[in-house]
Amino acid sequence: MRVLGIETSCDETGVALYDGEAGLVAHALYSQVALHARYGGVVPELASRDHVRKLLPLIQKLMDEAGGGDVDGVAYTAGPGLVGALLVGAMTGRGLAWSWGVPAIAVHHMEGHLLAPMLEPDPPGFPFLALLVSGGHSLLVEVGGVGRYTVLGDSIDDAVGEAFDKTAKLLGLPYPGGPALAELALKGDPARFTFPRPMTDRPGLDFSFSGLKTFALNTWRESAQTDRDRADIARAFEDAVVDTMAIKCRRAVRQTGIHTLVVAGGVGANRSLRERLAELMEGEGGRVYYPRPEFCTDNGAMIAYAGFQRLAAGQAEPLNVKAMPRWSLEELKPADA
Ligand code: KG4
Ligand code: ZN
């Protein structure tokens, strides 16, 4: 079975073809970063309009690269995300499936992220813990199988990627701030400032990162605002975020007894976080799995893969189109139910 995956939940148009036997056949991505850069963040209406312009030509390019052939099902991201952007992928995906006479499936964007390491040559086995860290989410999830999700921890305010982006912005770094801040942190002095590790002094697995952003702002205002200060603050911020996530992951491992950790979502591309969690899991006698960096951020491959799992199990959507800006992972049904 060959499945076309479509991702349009935010500022990336991603498409891919996943084959049950051959694996990932082809994938293509168009990033809107340049379009939103001068506004310092994603402008939802511009995002939707750009998906309208780019999606069908990108699917055509994907099909050409794959050398044609039939598609047996279509998977589209149905949420969570920007509703206008979601609707573009949902309508296109549902419409193509209808015209081709094949089933369509609505995919949860975060399910795509947490299954992304399954596309790698040495995938993790179930059950595993997933740390999902993106621009919109900071989640710790216990994964028992496809669609068997228990949310152990969630962000009570800013998501971790959002905190990276906002902190980068207040330091005057270009959009998108996360990767720029991480790059700058490499040059920072780790001993100069110590930022708090939010919510680590009490039990529980929830996250809060908005206070760190304020701490960074105050530190920046009180400094001479030199390049040195900027790099040292970036370093202190990144160290605090990485340390906080490592503390919560260790807690989740000990609480559940599960020693396999998957890290996914855009912030999963952060090198310092990857190194730290690899060390942690080694110390716990377990292992950490990551998607390749290009499949950490939004992409069509993870949607094609998640959709394949459900379509292959016989699940499909009716003709009405699903687009849900808010959607809990815990509402999903198991693929084998
Ligand atoms: O998963 P993603 O592509 O989109 C969402 O679903 O949100 O994640 C994007 C987020 C942005 O906040 C971006 O700044 C952050 O991931 N990000 C990073 C890095 N690469 C991307 N944050 C820290 N370090 C990085 N290397
Ligand atoms: Zn994402």
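Where a number appears in this text, it was derived from the coordinates with a stated rule and is not lab data. As the structure is a prediction and not an experimental result, all values here were calculated from the model. Don't worry about glycine lacking a Cβ; one is built from the backbone with ideal geometry, like all the others, and counts go over all protein chains shown.
Binning every alpha carbon pair distance of region 251-311 at 5 Å from zero, what are the percents per bin?
The distribution over region 251-311 is 4, 17, 23, 19, 17, 14, 6, 1, given as percents.
Using only the alpha-carbon atoms of region 1-60, report the extent along each of the three principal axes, biggest first, to the nearest angstrom.
For region 1-60, the Cα extents along the three principal axes come out at 43, 17, 14 Å.
Given 0.36 nm per residue, what is the gain on full extension from Ala337 to Met91 after removing their alpha carbon distance, in nm?
Values: separation 246, 0.36 × 246 = 88.56 nm, distance 2.66 nm.
Length gained, Ala337 through Met91: 85.9 nm.
Ratio to report: Rg/Rh of region 296-337, with Cα atoms as the point set and Rh obtained by the Kirkwood method; give two decimals.
Details: Rg = 11.6 Å, Rh = 12.1 Å.
Using Cα coordinates only, the ratio equals 0.96.
So how do His259, His113, His137 line up by other beta-carbon neighbours within 10 Å, fewest first?
On the way: His259 16, His113 30, His137 23.
The most exposed by this proxy come first: His259, His137, His113.
Across 5 Å bins from the origin, how do the percents of Cα pairs in region 99-146 run, short distances first?
5, 16, 25, 22, 15, 9, 6, 4
Net charge near Val25, counting Lys/Arg +1 and Asp/Glu -1 over other residues with Cβ under 15 Å of its Cβ? Don't skip to the end; give the middle numbers.
Details: positive: Arg2, Lys61; negative: Asp19, Glu21, Asp64, Glu65, Asp70, Asp72.
Around Val25, the surrounding residues sum to -4.
Calculated FRET efficiency, Asp122 and Ala316, Cβ-Cβ r, R0 25 Å, to nearest 0.05?
Working: r = 31 Å, r/R0 = 1.23.
In this case the efficiency is close to 0.20.
Using C-alpha positions alone, give me the convex hull volume of region 1-157 per residue in cubic angstrom. Provide the component values of the computation, followed by the final result.
Details: hull volume 19.3 nm³, N = 157.
Enclosed volume per residue, from the Cα hull, is 123 Å³.
Roughly what would the spin-label model give for Ala278 and Thr214, points 7 Å off Cα along C-beta, in nm?
Going from the Ala278 label point to the Thr214 one covers 3.6 nm.
Give me the dipole magnitude in Debye, nearest 20, for the chain about the Cα centre, with unit charges on the beta carbon: positive for Lys and Arg, negative for Asp and Glu. Don't skip to the answer; put the middle values down first.
Working: 32 positive and 41 negative charges, 106 e Å.
Dipole of the chain, to the nearest 20 debye: 520 debye.
Between Glu294 and Ala191, 0.36 nm times their residue separation minus their Cα-Cα distance comes to what? Working shown, then result.
Values: separation 103, 0.36 × 103 = 37.08 nm, distance 3.19 nm.
Working it through step by step, the gained length comes to 33.9 nm.
If you project the alpha carbons of the chain onto the principal axes, what extent comes out on each, in Å, largest first?
Principal extents (largest minus smallest coordinate, Cα): 63, 46, 31 Å.
What is the spread of the Cα atoms of region 126-290 along each of their three principal axes, largest first, in whole Å?
That gives 50, 28, 28 Å along the principal axes, largest extent first.
Restricting everything to alpha-carbon atoms, can you work out Rg to Rh for region 219-337 with a Kirkwood hydrodynamic radius? Please list the in-between numbers first.
Numbers: Rg = 19.4 Å, Rh = 17.7 Å.
We get a ratio of 1.09 for region 219-337.
Which longest uninterrupted range of the chain lacks any trypsin sites (Lys or Arg not before Pro) assigned by DSSP to a loop state (not H, G, I, E or B) and surrounded by at most 12 other Cβ atoms within 10 Å?
Numbers: sites that count: Arg38, Arg326.
Formally, the longest exposed-site-free interval is 39-325.
Tell me which residues come under 5 Å, amide H to amide H, from Leu152 once H is placed; ignore anything under 5 positions away on its chain.
Leu140, Val141, Glu142
From the helices alone, meaning DSSP H stretches of at least four residues, give me the mean residue ellipticity at 222 nm for the chain, per-run term -39500 (n - 2.57), in deg cm²/dmol to the nearest 500.
On the way: 10 runs with 140 residues, N = 337.
Computed mean residue ellipticity for the chain: -13500 deg cm²/dmol.
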